[in-house]
Amino acid sequence: MPRVAQLYFRTAIIFLIVGIAMGLNMAISQDHSAIGAHAHANLLGWVTMAIFGGYHALNPAKSERRLAIIQYCIYTAGVTLMVPALYLMLTGSPSMEPVVAVASLITFAGVLLFAVIIFSSGTSVTRPAAAH
Ligand code: HEM
Ligand code: HEM
């Protein structure tokens, strides 16, 4: 599997563990105020990252490009900042709202970069085949 696909799946499963932990905590405490952080950890984290990783696994030539790792870093930084900030905002720290806003925009930038990857042509331009 291409490295960036592996990275995406490893990051995604961490968000699923964190997302489910938040879900269980909500269910057990019967306090559902963190619902937005739970939903977005699972959906922006586990689901979307697994789709991004799956796309790279199916398109290994694109996953070798520098843009692939740049997109991974920007998207992952956005979601990693957004989820805990959203959790804190929803559970009693409204002052976290500007952090959530900035993190959301970083996440969105990551999504737009993934659109560039999807719409770019499928052939690898960065690494010529090794001469054996
Ligand atoms: C054992 C695992 C999970 C537990 C215990 C759990 C628990 C919960 C709880 C307690 C709520 C709040 C329900 C409400 O107040 O109406 C909720 C909402 C939600 N959960 Fe989970 N969850 C789990 C896994 C997941 C996963 C894997 C996903 C996505 C892939 C997910 C997506 C959502 C979404 C989108 C909502 C919001 C639904 C709405 O807006 O009505 N959950 N979950
Ligand atoms: C940076 C990206 C995103 C932003 C800024 C965002 C923002 C929001 C906002 C403001 C709400 C309303 C919350 C409320 O009523 O309290 C919401 C709800 C929701 N969003 Fe997103 N969203 C994003 C990405 C996504 C994605 C990619 C998915 C699905 C793959 C998704 C699924 C949902 C769901 C299921 C709800 C309803 C559950 C809830 O109340 O939290 N969102 N989102």
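What follows draws every value from the coordinates through simple rules; no lab data is involved. Model, not experiment: these values are computed from the prediction. A quick note on method: Cβ atoms are made from the backbone with ideal geometry, for glycine too, and the neighbour counts reach across all protein chains shown.
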(message) Quick check on my filter: what residues within segment 54-75 are part of a helix (DSSP H, G or I) and of a type in the set (S, T, N, Q)?
(response) S63, Q71
(message) Looking at (1) among the polar types (S, T, N, Q); (2) crowded, with 18+ Cβ neighbours inside 10 Å; (3) more than 13 Å from ligand 2 (Cβ to nearest atom), which one does S104 not meet, given that it meets all the others?
(response) (3)
(request) Give the residues of segment 76-101 that are surrounded by 15 or more Cβ atoms within 10 Å (Cβ to Cβ) and either β-branched (V, I, T) or not in a helix (DSSP H, G or I) (or both), sorted by residue number. (result) T76, V79, T80, V83, V99, V100
(message) Exactly one condition in (1) farther than 17 Å from S120 by Cα; (2) buried (at least 19 other Cβ atoms within 10 Å of the Cβ) is false for I35; which is it?
(response) (2)
(message) With the requirement that a residue be surrounded by 13 or more Cβ atoms within 10 Å (Cβ to Cβ) and more than 9 Å from ligand 1 (Cβ to nearest atom), what does segment 18-32 give you?
(response) V18
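Residues checked against (1) touching a Leu at 6+ places or on another chain (Cβ under 7 Å); (2) free of Cβ contacts under 8 Å to residues at least 24 places away in the same chain; (3) under 17 Å from P84 (Cβ atoms):
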| site | (1), (2), (3) |
| --- | --- |
| Q6 | no, no, no |
| R10 | no, yes, no |
| G23 | no, yes, yes |
| A34 | yes, no, yes |
| A37 | yes, no, yes |
| L43 | no, yes, yes |
| F52 | no, no, no |
| Y55 | no, no, no |
| K62 | no, no, no |
(request) Return only the number of the condition from (1) without any contact (Cβ under 8 Å) to a residue 40 or more places away in the chain; (2) farther than 23 Å from P94 by Cβ; (3) within 15 Å of ligand 2 (Cβ to nearest atom) that F15 does not satisfy. (result) (1)
